[in-house]
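Engineer: This is the structure I have questions about; it appears just below.
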Amino acid sequence: MGLIQNAQIVTVIVPAYNHEKYIIECLESIHQQTFRNFQWIVVDDGSKDSTPQILQANKNKYGYELILQKNKGLSQTLTDVLKDYAVGKYVCICASDDFWCVDKLEKQLRFMEANPEYAMCYGRTYNIDINSNILGVENYTKYKGGM
């Protein structure tokens, strides 16, 4: 089965707050995804550091929709973006201090399209230090098949 290539079958949301040290690595990891047709929304939730300026300066380079807002908190921010902006059949959220493997979207979309009985999927989490060195791996397989 080939991957569906419709525009915006996936919405990627990056809620950002005070992550000036990590935001470029986050953006770059999303920009380099092997699956390319996705809606990309970045929301700065009232950062007090230079995160909003970094996001504004890189908006055209990476091609995301940028929302700059006063602080609402993560839950309200995600609720608003999902309700008012997201158009994808699937939604992926990447915290602004995280980054993805280059084929994350491709693998997850392939899985979801081949397994419509699943409501969601997830992958391994690599714990890293402030220099992006891998410290360990979380492999949540104990949750497979429900609680």
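Engineer: Open to solvent by 80 Å² or more (accessible area, probe 1.4 Å) and more than 17 Å from residue 30 (Cβ to Cβ): does that describe residue 52?
Structural biologist: No; evaluated as a whole, the condition is false for this residue.
Engineer: Okay, moving on. What are the residue pairs meeting all of these: first residue in the range 18-35, first residue within 17 Å of residue 130 (Cβ to Cβ) and of a type in the set (Ser, Thr, Tyr), second residue open to solvent by 10 Å² or more (accessible area, probe 1.4 Å) and assigned to a helix (DSSP H, G or I), Cβ atoms under 9 Å, and 6 or more apart or on different chains?
Structural biologist: 29/104
Engineer: In this structure, is residue 30 modelled with pLDDT of 95 or more, closer than 14 Å to residue 92 by Cα and open to solvent by less than 70 Å² (accessible area, probe 1.4 Å)?
Structural biologist: Against the criterion (modelled with pLDDT of 95 or more, closer than 14 Å to residue 92 by Cα and open to solvent by less than 70 Å² (accessible area, probe 1.4 Å)), residue 30 qualifies.
Yes/no per residue for (1) modelled with pLDDT of 90 or more; (2) open to solvent by 40 Å² or more (accessible area, probe 1.4 Å); (3) over 29 Å from residue 49 (Cβ atoms); (4) not β-branched (Val, Ile, Thr):
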site: 63; (1), (2), (3), (4): yes, yes, no, yes
site: 66; (1), (2), (3), (4): yes, no, no, yes
site: 110; (1), (2), (3), (4): yes, yes, yes, yes
site: 137; (1), (2), (3), (4): no, yes, yes, no
site: 145; (1), (2), (3), (4): no, yes, yes, yes
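Engineer: Can you give me the number of residues within the range 37-50 that are in contact with an Asp or Glu (Cβ under 9 Å, 6 or more places away or on another chain) and over 16 Å from residue 65 (Cβ atoms)?
Structural biologist: Total satisfying the criteria: 3.
Engineer: Okay, moving on. For residue 97, state whether it is at pLDDT below 95 and either touching a helix residue (DSSP H, G or I) at 6+ places or on another chain (Cβ under 6 Å) or open to solvent by 40 Å² or more (accessible area, probe 1.4 Å) (or both).
Structural biologist: Yes: the conditions hold for residue 97.
Engineer: Quick one: residue 123 ticks every box in (1) over 16 Å from residue 19 (Cα atoms); (2) modelled with pLDDT of 95 or more; (3) surrounded by 13 or more Cβ atoms within 10 Å (Cβ to Cβ) bar one, so which box is it?
Structural biologist: Tallying (1) over 16 Å from residue 19 (Cα atoms); (2) modelled with pLDDT of 95 or more; (3) surrounded by 13 or more Cβ atoms within 10 Å (Cβ to Cβ), residue 123 fails exactly one: (2).
The values are calculated or read from the model by the stated rules, or taken from the named source; none is laboratory data. None of these values were measured; they are calculated from a predicted model. Every residue, glycine among them, receives a Cβ derived from its backbone with ideal geometry; neighbour counts consider all protein chains shown. Just so you know, the surface numbers come from the protein's heavy atoms only, side chains and all, with ligands and any DNA or RNA stripped out. Shrake-Rupley method; radii C 1.70, N 1.55, O 1.52, S 1.80 Å.
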